[in-house]
Amino acid sequence: MRTTTAYRADAPGADLRPTTIERRELRAGDIAVRITHCGVCHTDLHALRSTDSSAFPVVPGHEFVGVVSEIGSDVDTVAIGDPVAVGNIVDSCGECPMCRAGQQNYCDSFPTLTYGGADPETGDRTMGAYSAEYVVRADFAYPLPAGLDPAGVAPLMCAGATVWEPLRHWQTGPGKRVGIIGLGGLGHLAVKFAAALGAEVTVFTTSSAKEQDARSLGAEAVVVSTDAEAMRSARGSLDLIIDTVSADHDLGPYLRTLALDGTLCHLGDLGPVGVDTMDLLIGRKSLSSSGSAGLPATREMLDFCGEHGITADVEVLPSAQVMTALDRLAKGDVRYRFVLDMSDL
Ligand SMILES: [Zn+2]
Ligand SMILES: [Zn+2]
């Protein structure tokens, strides 16, 4: 085992504190990455707020960039010194129908998560990237697109990939009318991507204060979702809705804003939802879901961001302020993603 420094919480409710943790020694296909920046995702907050003591200790962090510091004997795709980015999946079986379809995110054996997962060989719990170094299979590290700010790339690896895959699956492009529910870490990237792909973008938000922001990110229309009259006026106006809101909410009013054959794709885990099937029947509408992204879609997203100069809007904090970042994220006080600068570790 090798060791590195990381922010770890040892029990439910405990603060993250810098400590020494173990990483595996490099396998033939592995690389070691010296982490420069790691995004702060809502998942990190959920993990730390879990009341399940068996899920601890936790080192969060699953969207990061860094520099290759060591390579395994079989690695020829990257070299020491190359900048790379890593997301929330660090391994998968590679053989099941999902993996063969390039959907490692839906691997039948469950993909290995960047933290809180199980190492495929040892079963050891994976520890995330609020850390100075990470050891990862080279196949799950992506070259950093040239010319992009590394801090702004880190959130692309979870938030960005998660919205990119469904936008592409439903052929977002010129002539498509796309609605985005929620203007947070995921939503702001969904707006940028959909606009850059050529779609006509509408943002649904509970806060009229976000209207100007939504427009400057690329939205042509903003609907305040608590305004019943505004929601009624939007009926039948959209081909695709990407729903980034993880809190429980009624999908009916949004389904009614879809046009014929429109799809509402919710991201993440809402649990059981009650949907009036008449909201689907009228207009032959679809309700779908999506989570994370496979290797090909993630690669494609990074290429697209490189070509179009797209990064996340971030507030960078020294990693020592990780608890401040988490507290402010919990209050929704960030536009639109915190990124920890790991150079102080
Ligand atoms: Zn995430
Ligand atoms: Zn698989």
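The values are calculated or read from the model by the stated rules, or taken from the named source; none is laboratory data. For clarity, every value in this text was computed on a predicted model and none was experimentally measured. Because the Cβ atoms are built from the backbone with ideal geometry, glycine has one as well, and the counts that use them run over all protein chains shown. Heads up: the accessible areas ignore ligands, DNA and RNA and are worked out on the full protein's heavy atoms, side chains in. Shrake-Rupley method; radii C 1.70, N 1.55, O 1.52, S 1.80 Å.
Describe numerically, in nm with one decimal, the distance between label points set 7 Å from Cα along Cα→Cβ at Thr277 and at Ser289. So the two model labels end up 1.9 nm from each other. Looking at region 253-345, none of the GluC sites (Glu not before Pro) sits in a DSSP loop with at most 11 other Cβ atoms within 10 Å of its own Cβ. Here's the list of lysines a cross-link from Lys331 could span, going by alpha-carbon distance under 18 Å and ignoring same-chain residues fewer than 8 apart: Lys210. A straight Cα-to-Cα reach below 14 Å connects Lys176 with the aspartates and glutamates Glu200, Glu220, Asp239, Asp261, residues fewer than 8 places away in its own chain not being considered.
Between Cys93 and Glu300, take the C-beta separation as r, use R0 = 25 Å, and let me know the FRET efficiency to the nearest 0.05. Efficiency for this residue pair is about 0.70.
Report, in whole Å, the centroid distance computed from the Cα atoms of region 82-152 and region 167-243. One Cα centre to the other: 30 Å.
Computed with a 1.4 Å probe over protein heavy atoms only, the accessible surface of the chain comes to 43 Å² per residue. A quarter of the convex hull surface defined by the alpha-carbon atoms of the chain gives 16.9 nm² as the mean projection. Taking 14 Å as the cut-off, the amide N atoms of region 319-345 that come nearer than this to a point 7 Å along the Cα-to-beta-carbon line of Ser69 belong to 342-345.
A full extension of the chain between Ala28 and Ser216 corresponds to an added length of 63.1 nm, given 0.36 nm per residue minus the alpha carbon distance. Measuring between their Cα centroids, region 286-305 and region 3-23 lie 31 Å from each other. Based on Cα contacts under 8 Å between residues 6+ apart, the chain shows a relative contact order of 18 percent. The alpha carbons of region 1-65 stretch over 37, 23, 20 Å along the principal axes, in descending order. Using a 1.4 Å probe on the protein heavy atoms, what percent of the accessible area of region 160-290 belongs to carbon and sulfur? The computed percentage sits at 50. Here is the tail figure for region 292-342: Cα pairs spaced more than 13 Å apart come to 65 percent of all pairs. Highest-first packing order for the peptide set 194-207, 269-282, 327-340 is 194-207, 327-340, 269-282, based on the mean count of other beta carbon atoms within 10 Å.
Helix 185-196 and the longest principal axis of the Cα set of the chain meet at an angle near 70°. When you count the other C-beta atoms within 10 angstrom of each residue and take the mean per peptide, 132-138, 214-220, 118-124 line up highest first as 132-138, 214-220, 118-124. Residues whose amide H comes within less than 5 Å of that of Thr112, counting only those at least five positions distant or on another chain, are Val90, Asp91, Ser92 (H built at 1.01 Å from N in the peptide plane).
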